[in-house]
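Q: Take this structure, written in structure tokens, and hold onto it; I'll ask about it next.
The values are calculated or read from the model by the stated rules, or taken from the named source; none is laboratory data. Quick caveat, the model's predicted, so the values are computed rather than measured. Glycine gets a Cβ as well: all are built from the backbone with ideal geometry, and neighbour counts include every protein chain shown. Keep in mind that these areas ignore ligands, DNA and RNA; they rest on the heavy atoms of the full protein, side chains included. Shrake-Rupley method; radii C 1.70, N 1.55, O 1.52, S 1.80 Å.
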Amino acid sequence: MAIIYAKSKGLTDKPMHYCPGCTHGLVHKLVAESLVELGELENAVGVAPVGCAGYAYDYFNCDMQQAAHGRAPAVATGIKRVLPDRTVFTYQGDGDLAAIGTAEIVHAAMRGEKITTIFINNAIYGMTGGQMAPTTMVGQRATTAPWGRDPSQCGSPIRMAELLSTLDGTAYAERVTVVDIPHLNRAKRAIQKALFLQKENAGFTFVEVLSICPTNWGMDPAGAIDWLKGNMIPYYPLGVVKDCRREGNVV
Ligand SMILES: Cc1ncc(C[n+]2csc(CCOP(=O)(O)OP(=O)(O)O)c2C)c(N)n1
Ligand code: SF4
């Protein structure tokens, strides 16, 4: 019988532990497929975060390293500098990257490290039980913001793709989502482009993926997708924010 669809060779057979409807698994699939299609799976080194994706080292079928919370860009910097021919990526949540790891990601981008960061923006701390993240929307409830995020106390949600795009070392930054098939295909093209530009030594490359956390948002997956579309996309616009190969960048 002809095989028309199979699990990517870029993923191991280990069953994933993510909650039903969580988009972490989808993004893993896109990264894995991209590495395979670029012929980079054998050459890749991923750096797993702390957070729900902390077991990513069990799921990607390539060399993996675990980093302490927020420190993945620093670990990836070391790996890439010692092994410059390897394709090195970090996979990080918003608590990991935009809170405790802000210094590491900003300085890695500023230095133009030739690594790729996949940033999962689900607007909350998932693993630890739904605390407010720097990306939590104004008015969105979290366990540490039971009446919703108050911008007079907490400021406005941080737009990491735009922030990092102001740095000269950032070669490419795009924001995508995975809420339906057309967006999923666009997300895969962005991940492939980021990895391709890394191979070209263009500089730091970054893909922000707007994602859902049905468990901590207190919604079913379909409701969470609708909430993302109605609340996150208007504030976090999708598309290329910076592309060193293109004129007329947004930033
Ligand atoms: C140094 C340190 N501080 C705090 C923690 C606790 N901690 C573990 S995961 C996490 C938040 C993870 O949220 P996020 O990065 O958004 O990923 P998600 O779980 O949503 O995928 C925190 C605060 C830790 N493990 N190490
Ligand atoms: S807690 Fe949220 S981010 Fe974590 S696995 Fe569950 S749905 Fe995904």
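Q: Treat segment 168-251 as a sphere of radius equal to its Kirkwood radius over Cα pairs and apply Stokes-Einstein at 20 °C in a medium of 1.002 mPa s; give the translational diffusion coefficient in µm²/s, rounded to a whole number.
A: Taking Rh from Cα pairs, D becomes 156 µm²/s.
Q: What residues have an amide H closer than 5 Å to that of Val47, excluding those fewer than 5 places away on the same chain, when H is modeled at 1.01 Å from N in the peptide plane?
A: Gln65, Phe89, Thr90, Tyr91
Q: How do the peptides 127-139, 13-25 rank, highest first, by the average count of neighbouring beta carbon atoms within 10 Å per residue?
A: The densest-packed peptide leads the list: 127-139, 13-25.
Q: How big is D, in µm² s⁻¹, for segment 40-81 by Stokes-Einstein at 4 °C and 1.567 mPa s if Rh is the Kirkwood radius over C-alpha pairs?
A: D, rounded to a whole number, is 125 µm²/s.
Q: With springs connecting C-alpha atoms under 10 Å apart, model the chain as a Gaussian network and identify which of Leu35, Leu167, Leu195 has the largest mean-square fluctuation.
A: Comparing Leu35, Leu167, Leu195 in the GNM, the peak value goes to Leu167.
Q: Compute the distance from the alpha-carbon center of segment 31-52 to that of segment 93-159, in whole Å.
A: With segment 31-52 and segment 93-159 each reduced to a Cα centre, they are spaced 23 Å.
Q: Hey, another quick one. What is the log10 of I(q)/I(0) for segment 89-188, computed with the Debye formula using one identical point scatterer on each Cα and no solvent, at q = 0.17, 0.18, 0.24 Å⁻¹?
A: -0.83, -0.92, -1.26
Q: Convert each backbone phi in segment 108-119 into a coupling constant with the Karplus relation 6.51 cos²θ - 1.76 cosθ + 1.60 (shift: θ = phi - 60°), then list the ³J(HN,Hα) values in order as whole Hz, x for Gly and Pro.
A: 5, 5, 4, 6, x, 4, 8, 10, 10, 10, 9, 10
Q: Test of understanding: express the Cα radius of gyration of the chain as a ratio to 2.2 N^0.38 Å, with N the residue count.
A: That ratio works out to 0.95.
Q: Mean residue ellipticity at 222 nm from the helices of the chain, using -39,500 (n - 2.57) per DSSP H segment of n ≥ 4 over the full residue count, to the nearest 500 deg cm²/dmol?
A: Per the formula, -9000 deg cm²/dmol.
Q: Roughly speaking, to the nearest percent, how much of segment 176-251's 1.4 Å accessible area is carbon and sulfur?
A: Taking all protein chains in place, segment 176-251 shows 53 percent carbon and sulfur surface.
Q: Find out how many positive minus negative residues lie around Ala133, taking Lys and Arg as positive, Asp and Glu as negative, among other residues whose Cβ is under 11 Å from that of Ala133.
A: Net charge in that neighbourhood comes out at -1.
Q: If you build a Gaussian network model of the chain, linking Cα atoms that sit under 10 Å apart, which residue out of Ala222, Ala67, Ala187 swings the most?
A: Ala222
Q: Once you order the gyration tensor axes a ≥ b ≥ c over the Cα atoms, which shape class does segment 1-109 get: rounded for a/c under 1.5, otherwise prolate or oblate by comparing a/b with b/c?
A: In terms of gyration-tensor shape, oblate.
Q: Suppose we keep just the DSSP beta bridges with both residues in segment 107-251; what percent of those would be antiparallel, to 5?
A: So the antiparallel bridges in segment 107-251 amount to around 25 percent.
Q: For segment 37-54, what does the Karplus curve 6.51 cos²θ - 1.76 cosθ + 1.60, with θ = phi - 60°, yield as ³J(HN,Hα) per residue in whole Hz, taken in order and with x for Gly and Pro?
A: In residue order, the calculated couplings are 5, 8, x, 10, 4, 5, 9, 8, 10, x, 10, 7, x, 9, x, 4, 8, x Hz.
Q: Counting only heavy atoms of protein chains, what accessible area per residue, in Å², does the chain have with a probe of 1.4 Å?
A: 44
Q: Let me ask something additional. I need to check one value: relative contact order of segment 24-243, counting alpha carbon pairs closer than 8 Å and at least 6 residues apart, in percent.
A: It rounds to 19 percent for segment 24-243.
Q: Quick one: dipole size for segment 24-243, taken about the Cα centre, charges +1 on Lys/Arg Cβ and -1 on Asp/Glu Cβ, in debye to the nearest 20.
A: 240
Q: Amide H to amide H under 5 Å from Ala145: which residues, 5+ apart in sequence or cross-chain, H placed 1.01 Å off N in plane?
A: Close amide H contacts, sequence-distant or interchain: Met132.
Q: Moving on to the next point. Nearest-5 percent of antiparallel DSSP beta bridges in the chain?
A: 20
Q: Taking θ = phi - 60°, what integer Hz values does the Karplus form 6.51 cos²θ - 1.76 cosθ + 1.60 yield along segment 214-226, in sequence order, with x for Gly and Pro?
A: With the stated coefficients, segment 214-226 comes to x, 4, 8, 7, x, 10, 7, x, 5, x, 5, 5, 4 Hz.
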